[in-house]
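Below is one structure, written out as structure tokens; the observations come after it.
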Amino acid sequence: MNTQARWLVNINGFRLSETVIVSWIIIAGLAIASYLLTRNLKKVPESKVQVFLEYAVLKLYNLVETTMGKELVERIPNIVPYIGSLFLFFLCSNLVPLIGLRSPTVDLDTTLALSTITVILIYSVSIRFNGGAVFKDMIEPTPVLLPINLVGEIARPISLSFRPFGNIMGGTLIMMLFYKLMAYISELIPGVKIPFAQFLIPVPLHLYFDIFAGSIQAFIFIMLTMVFISNSVDISLLKKREARKLEKKKLKNA
């Protein structure tokens with residue numbers, strides 16, 4: 001039973017895997033849907049589509065502000081679009097098996113890439129607001145803990161990538177085994193050449209593994225992303241530093 005992505009394009013050594021092509025299809029689909037849904041927006045909503053979009057965006061903003069804090073979201077205005085885009089891509093990647101495509105999140109490369117982007121964002125935000133204190137925290141409360149702290153930092157992208165990959169891959173393997181079982185049961189019935197059991201019986205499993213579990217994994221991923229980013233910045237300390245800088249500036253100009 002092979003679970004690896006197939007090479008769909010191979011031209012003189014230039015190869016594209018099924019994972020890359022399906023990812024491009026998802027990205028193109030999201031881009032086209034975004035254009036079609038937002039091209040005729042009005043200041044005062046006149047269509048149910050715009051009302052639904054505004055409701056969804058408002059709920060997203062509320063979720064991000066509740067998780068990360070309103071002050072931090074105001075300081076990182078692009079974080080809400082990033083979280084929304086991340087969720088939509090992750091969710092669509094988990095749902096494409098319903099239309100016969102291979103989920104990109106079954107490939108560790110996809111979840112590792114998303115986790116790497118998130119970790120880079122975490123460190124960039126932390127360095128932006130905390131400066132050199134980010135590296136100072138590595139040796140606190142004692143320099144002896146530096147190796148342990150480094151292991152913890154390395155484990156972050158690993159846990160972020162392997163958690164969704166393991167869950168989605170597990171569901172994919174179960175569905176493959178179940179389809180083989182249904183085909184075998186259909187062959188045992190005399191006179192039946194079509195594996196009819198594969199058409200109806202697996203539907204509840206698809207509802208769970210593709211829709212429910214896929215949505216849950218996408219939600220968990222963005223929640224962990226927001227929690228990690230918010231934990232990397234201490235707003236109270238940031239305010240104190242900004243207040244001290246403002247006082248020094250006033251004294252200097254006085």
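The values are calculated or read from the model by the stated rules, or taken from the named source; none is laboratory data. Small disclaimer: the values here were computed from a predicted structure and weren't measured. We place every Cβ from the backbone using ideal geometry, glycine too, and count neighbours over all the protein chains shown. Remember, those area values only see protein heavy atoms, side chains included, never the ligands or the DNA or RNA. Shrake-Rupley method; radii C 1.70, N 1.55, O 1.52, S 1.80 Å.
Table: residues versus (1) surrounded by fewer than 10 Cβ atoms within 10 Å (Cβ to Cβ); (2) in contact with a Cys (Cβ under 7 Å, 6 or more places away or on another chain).
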{"site": "ILE21", "(1), (2)": "no, no"}
{"site": "ILE26", "(1), (2)": "no, yes"}
{"site": "ARG39", "(1), (2)": "yes, no"}
{"site": "LYS42", "(1), (2)": "yes, no"}
{"site": "VAL49", "(1), (2)": "no, no"}
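Pull out all pairs, ordered by first then second residue, where Cβ-Cβ is under 6 Å, the residues are six or more apart or on different chains, the first lies in region 56-73 and is under 21 Å from SER34 (Cα atoms), and the second is at pLDDT 90 or above and open to solvent by less than 70 Å² (accessible area, probe 1.4 Å).
Within 6 Å, the pairs are LEU60/GLY84; TYR61/VAL80; VAL64/VAL80; VAL64/ILE83.
Conditions tested, residue by residue: (1) part of a helix (DSSP H, G or I); (2) free of Cβ contacts under 8 Å to residues at least 60 places away in the same chain.
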| position | (1), (2) |
| --- | --- |
| ASN10 | no, yes |
| LEU16 | no, yes |
| THR19 | yes, no |
| VAL22 | yes, no |
| ILE32 | yes, yes |
| TYR35 | yes, yes |
| LYS43 | no, yes |
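Which of the residues belonging to region 139-163 are at pLDDT 80 or above and open to solvent by less than 70 Å² (accessible area, probe 1.4 Å)?
ALA155, ARG156, PRO157, SER159, LEU160, SER161
Just the residues that are modelled with pLDDT under 90, in a helix (DSSP H, G or I) and aliphatic (A, V, I, L, M), please, taken from region 62-90.
Result: MET68, LEU72, VAL73.
Among (1) modelled with pLDDT of 75 or more; (2) surrounded by 13 or more Cβ atoms within 10 Å (Cβ to Cβ), where does ASP234 come up short?
Answer for ASP234: the failing condition is (1).
List the pairs whose first member sits in region 164-191 and is more than 30 Å from ALA113 (Cα to Cα) and open to solvent by 40 Å² or more (accessible area, probe 1.4 Å), whose second member is modelled with pLDDT under 75 and in a helix (DSSP H, G or I), and whose Cβ atoms are under 6 Å apart, counting only residues at least 6 apart or on separate chains?
Filtered contacts from region 164-191: TYR179/GLN198; ILE185/ALA197.
LYS59: within 30 Å of VAL125 (Cβ to Cβ) and open to solvent by 100 Å² or more (accessible area, probe 1.4 Å), yes or no?
Yes; evaluated as a whole, the condition is true for this residue.
Cβ-Cβ distance below 6 Å, separation of 6 or more or different chains: which pairs start in region 105-127 with a residue that is closer than 17 Å to ILE222 by Cα and assigned to a helix (DSSP H, G or I) and end on one that is open to solvent by less than 30 Å² (accessible area, probe 1.4 Å) and aliphatic (A, V, I, L, M)?
Pairs found: THR105/ILE168; SER115/LEU160; ILE122/ILE229; VAL125/ILE229.
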